[in-house]
Amino acid sequence: MISDKKNISLLADIFVKSGLENIVISPGSRNAPIIVSFANNPKINAFSIIDERSAAFFAMGISLQTRKTTAIACTSGSAALNYASAIAEAYYQKIPLLIITADRPKYLIDVGDGQTIKQKNVFKNYIKKSYELPENIDSPKRFEKAEKIINKALEHCLYPEPGPVHINIPFDEPIYGTSNEETSGRYFGCPIIKPKKDDEGIIKIIADEINKSSKVMIIAGQNQPNEKLNSTLTSLSKLNNLIILSETTSNIHDSLFIDTIDNIISTFTDDDALDFKPEILISYGGQVVSKMIKKYLRKMKPKLHWHISRSGQNMDTYQCSTKPIGTEPETFFKILLQNLIPSKSSYSKIWINKKTVTTNLRIEYLDKIEYCDLKLVGFIMRKVKGGTTIHLGNSTPVRYSQLFGSRNDITYQSNRGVSGIDGQVSTALGYSYLSNKSNIIITGDLGFLYDSNSLMNYYLVPNLKIIVINNKGGGIFRFIPGPDTTPNLEQFFETKHSWNAKYICKAFDVDYTQISSDDDFQSKILAFLNGKTDKTSLLEIHTPNEKNAIILRKYFKYLKNGANDSP
């Protein structure tokens, strides 16, 4: 059984023919034709999630896990606006989403009809493309137009780089009619992106510049695991004149990579700043968490900077871009490696030495300090079982994680496209639902409470464990310069509170455990990480909010003093 609205039946048909199978639907009336055509198709997995904001982030998690486009669908009016934060995150993190919004026909827009807004192009600043299907496809010409729109939308979800695409569909009443007659269309297939003929020539020119330089830096932004890319970068890291900086969310691993950027940058003297300054910078991937490296490179600008992305997007993070290179990072670095020659430079050595010193100092400091966020996160990052995916919440958890480096047996996820606190748990739930591995999300109290509707769905799974670090407010505002010098810190920046997650967990049948400063936190954390349960579980860890910022500031001071006292 499908809807008798041929426009949506055609979309469902081509959706399946393209190899897609997941859609997250939020309830409504105007989207009844969408529900009927998708939820009744045995080749489509249709999820029902009430809150559109949570639903969109849940779908984003599915896309991250499957590496395929996931559809989201809602009714008309303000429902669509609730998708906005997830769409913006998907746009900047380059995650494929197909947004399907039901709408009123044009004659009912802006005439006082209920549940109606101007939906066409409503997401225009945060999507790759926006389309509207014809209301009626009762002629060959309109049918062909709808067929082309659907194919183009599916193509743009993935090419030249992934991202969200919007299809708005006006439905006139009656909207609950059904049909047994299928509306069948053609799937044209998506293009295969091949290297351009001049790509290799451009990369050889870049290689020539690198061969003449003694200081070359590669920075890896947020990226999904890629073994071939990791292997090539590992080979590149053996060159004396080249260093690779990465973060946990870069999902690359090697002992020669600098995966604790802030630890090192925080120790720089004026002489260090000059010695460590690169002549050539190559960047790839998405957002970089470290504010320190951004500030450093914006001040100590390299002579040349190339950003590598499949679409050729000029993401000029460090405000010194020479030219974007529109090719796959994997292809770029493979050709680059083939054209580089060994150097006698000591550039790599000074970075590795500094990493060794700061790592030893970090271990010393953690042994000395009292119970706090820093000590907790460090312990958790060490003790998580191999094979786990760690979802890092904004703002402090993802920043803390960068201080401890990355493990080669862990995958790291985080909503770092826009870096908001909304939707963190929802994304982890969507990812976990289709994952056969262990998943853990580490989030702050405000991030969890803000997304507590994430637990209001039918897809809570036992392979997701939630760790909430409750420091009674937005701890980040005690770290960053500015808020702590105003009289508004506790009420308006930190938003100090006494709330906890206990009764939220009870309402949604989630296992709940808590830790306070008086508990043996190590044994309780280990019991939680290693314990088996038949449902989603949550560990809430209460920490001293005022001490956390003091201890972190002392941490960076300890690194700087210790690193500069070392021989």
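Observations on the model:
- Residues (on the phi > 0 side of the Ramachandran plot and under 19 Å from the mean Cα position of the chain (by Cα)) located in the stretch 274-322: Gly285
- Screening the candidates Leu256, Leu233 for the property of being in a loop (DSSP other than H, G, I, E, B), in contact with a helix residue (DSSP H, G or I) (Cβ under 7 Å, 6 or more places away or on another chain) and not assigned by TED's automatic domain parsing to the domain that holds Ala88 yields one hit, Leu256.
- Any hit, the stretch 415-435, residues being in a loop (DSSP other than H, G, I, E, B), more than 15 Å from the chain's Cα centre (by Cα) and farther than 30 Å from Val357 by Cα: yes
- Pairs, first at pLDDT 90 or above in the stretch 186-202, second part of a loop (DSSP other than H, G, I, E, B), C-beta under 6 Å, six or more apart: Tyr187/Ser18
- Test result for Thr101, over 32 Å from the mean Cα position of the chain (by Cα) and touching a residue at least 60 places away in the same chain (Cβ under 8 Å): no
- Which listed residue is in contact (Cβ under 8 Å) with a residue 60 or more places away in the chain and of a type outside the set (Lys, Arg), from Pro160, Pro140: Pro160
- Output for the stretch 453-499, where each listed residue is at pLDDT 85 or above, assigned to a helix (DSSP H, G or I) and surrounded by fewer than 16 Cβ atoms within 10 Å (Cβ to Cβ): none
- Checking Ile205 against (1) over 20 Å from Arg30 (Cβ atoms); (2) among the hydrophobic types (A, V, I, L, M, F, W, C); (3) outside the structural domain of Ile341 (by TED's automatic domain parsing), the condition it does not meet: (3)
- Checking each residue in the stretch 366-385 for being crowded, with 19+ Cβ neighbours inside 10 Å and either part of a helix (DSSP H, G or I) or touching a Gly at 6+ places or on another chain (Cβ under 9 Å) (or both) picks out Asp373, Leu374, Lys375, Leu376, Val377, Gly378, Ile380, Met381.
- Any pair with Cβ under 7 angstrom, 6 or more apart, that starts in the stretch 325-350 at a residue that is under 25 Å from Glu161 (Cβ atoms) and ends at one that is of a type in the set (Lys, Arg) and at pLDDT below 95: Gly326/Arg310; Thr327/Arg310; Glu328/Arg310
- Lys323 vs. criteria charged (D, E, K, R), under 18 Å from Met217 (Cα atoms) and out of contact with any Lys or Arg (no Cβ under 7 Å at 6 or more places or on another chain): yes
- Selection of the stretch 351-374 for residues being more than 23 Å from Leu233 (Cβ to Cβ) and touching a residue at least 12 places away in the same chain (Cβ under 8 Å) yields Val357, Leu361, Arg362, Glu364, Tyr365, Leu366, Ile369, Glu370, Tyr371, Cys372, Asp373, Leu374.
- Some residue of the stretch 62-71 being at positive phi and in contact with a Pro (Cβ under 7 Å, 6 or more places away or on another chain): no
- Flag if Ser266 is free of Cβ contacts under 8 Å to residues at least 24 places away in the same chain, of a type outside the set (A, V, I, L, M) and under 19 Å from Gly405 (Cα atoms): no
- Taken together, Ile87, Ile50, Ile35, Ile72 contain a single residue that is surrounded by 21 or more Cβ atoms within 10 Å (Cβ to Cβ), more than 20 Å from Val122 (Cβ to Cβ) and not assigned by TED's automatic domain parsing to the domain that holds Gly221, which is Ile35.
- Of the residues making up the stretch 211-228, those that are over 16 Å from Tyr412 (Cα atoms) and either in contact with a strand residue (DSSP E or B) (Cβ under 6 Å, 6 or more places away or on another chain) or buried (at least 20 other Cβ atoms within 10 Å of the Cβ) (or both) are Ser213, Lys215, Val216, Met217, Ile218, Ile219.
- Any chance Ile550 is within 22 Å of Ser401 (Cα to Cα), surrounded by fewer than 17 Cβ atoms within 10 Å (Cβ to Cβ) and among the hydrophobic types (A, V, I, L, M, F, W, C): yes
The values are calculated or read from the model by the stated rules, or taken from the named source; none is laboratory data. Just so we're clear, the structure is a prediction, and the values are computed from it rather than from any experiment. Because the Cβ atoms are built from the backbone with ideal geometry, glycine has one as well, and the counts that use them run over all protein chains shown.
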